[in-house]
Amino acid sequence: MSTDTRPVPLPGPRRSEARRLVEARVRQGWARVVGAWFPILEAAVAGGIAFGIAHYVVGHPYPFFAPVSAWVALGFSMDRSVRRVAELAAGVALGVALGDLVVHVIGSGAWQMAVVLFVAALIGRFLDRGAMLTTQAGVQAIVIVGLPVASGGPFGRWVDAVIGGAVALAVALLTPSDPRRRPRALGRSAVDELAAVLHTLARGLDARSLDDIDDALLRGRASQPVLDDWTETASNAQDLSRVSPASRRYHDELGGLVQASVRVDRAMRNARVLVRRSRAVVEAGQPHALDDVAAQVEATARAADELAAAIGAGRDPDRARERLLGVAARLDPFVLAADDWQAQSLVLLHRSLAVDLLETAGVSPRDARERLPEI
């Protein structure tokens, strides 16, 4: 009997796929660190300030909930809508107040825990429609009932929570920042991911390479967190522009970024469908018409490069728009793939992708469709 316990190496394709997944995760993780280090620093400093106020000014020996409230309310991203910060801060203060009240009136225990959770959730739902306030009220009430009674009076910990929430609100309102910067950067990253998928797909179609096509599909699937981050960040920034005087003038542009994020997400989904269909076509044979299809995919990828640069810089994507209009005008399946129905199916899928990108570049849906050749 063999006693060799060395691990069996993965087959080549599986090892390659794992490497590509790791590279995608590392790339996205580093991008998150680059975009989050400054808001994390702000939240950490706010927690320290809240602790200092509660400890040195108010005189509480252990102001645990002051930094907790500041940290929970601010979070670690730059897209801090005032509503979100206020909801979280109020939720923490409400939970702490109810927990303190229950402990000082009826003590702590299992049934007291159930009571305070029930009451905190009901009051949270009454005060605000947002789920975050109710969630934080319940969580902080659990912590209060579960911890030993602290010094500082029956509402000492509630005062600490209010101090932390006030510091968080001050940071959210007074921190000077351009609310467009983060959505623009995420928009560029998201469209760059789409362009990379199309570049890789074009290379795979041109070389009839299933490995390249698989790479394109894997990268397209791994890009979803970037797209989701863009949509969420742009939406939060637009919400902030409604209430912040310093950001109000950017409301229209931020609304445009929200719409662009939705369209690019739709374009990426169509790109994934195109990649999956391309794999089936390449597996079925090597039709000559794929050369022309690959050329149009590459032209679309270059237009996406231009679109990414324009979104990142906040300028009109005129060059991308011109390139995309040229691509759309050539997407006639009976011209690009006259004698191959499988290649024609790729052109038909490409047409939907082109319309999505044209809309992102500022072309109306009707005009985008009219640019396509009639079939």
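The values are calculated or read from the model by the stated rules, or taken from the named source; none is laboratory data. Note that the structure is predicted; figures quoted are calculated from it, not measured. Positions of Cβ are generated from backbone atoms using ideal geometry, with glycine treated the same way; all protein chains shown enter the neighbour counts. The area values use the complete protein model at the heavy-atom level, side chains included, leaving out ligands, DNA and RNA. Shrake-Rupley method; radii C 1.70, N 1.55, O 1.52, S 1.80 Å.
Quick rundown of the values:
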read-out: Angle in degrees between helix 65-74 and the longest Cα principal axis of the chain, rounded to the nearest 10; value: 20 degrees
read-out: Per-selection Rg to Rh, the chain - Cα, Kirkwood hydrodynamic radius; value: 1.13
read-out: Inter-probe distance in nm under a simple model that places probes 7 Å from Cα toward Cβ, at L41 and H55; value: 2.2 nm
read-out: Note, ³J(HN,Hα) from phi for the stretch 351-357, Karplus 6.51, -1.76, 1.60, rounded to Hz, x at Gly and Pro; value: 4, 5, 4, 5, 5, 4, 6
read-out: FRET efficiency, 1/(1 + (r/R0)^6) with R0 41 Å, evaluated for A170 and D367 via beta carbons; value: 0.30
read-out: Label-point gap, in nm, between R221 and L348 - each point 7 angstrom along Cα→Cβ; value: 2.5 nm
read-out: For the stretch 102-119 and the stretch 288-344, distance of Cα centres in Å; value: 64 Å
read-out: For the stretch 295-343, projected area of the alpha-carbon convex hull averaged over all directions, nm²; value: 3.5 nm²
read-out: Cα long-axis angle, helix 131-146 against the chain (0 to 90 degrees, to the nearest 10); value: 40 degrees
read-out: log₁₀ of I(q)/I(0) at q = 0.10, 0.27 Å⁻¹ - the stretch 41-122, Debye sum with one point per alpha carbon; value: -0.31, -1.17
read-out: Per principal axis, descending, Cα span of the stretch 225-300 in whole Å; value: 60, 21, 12
read-out: Pairwise label distance in nanometres, R32 with R125, each label 7 Å out on the Cα-Cβ vector; value: 3.2 nm
read-out: Backbone HN-Hα couplings from phi across the stretch 272-280 [Karplus 6.51/-1.76/1.60, Hz, Gly and Pro as x]; value: 5, 4, 4, 5, 4, 5, 4, 4, 5
read-out: Rounded to whole Å, sorted largest first: equivalent-ellipsoid semi-axes of the stretch 298-375, Cα gyration tensor; value: 24, 12, 9
read-out: Per residue solvent-accessible surface (Å²) - the chain, probe of 1.4 Å; value: 50 Å²
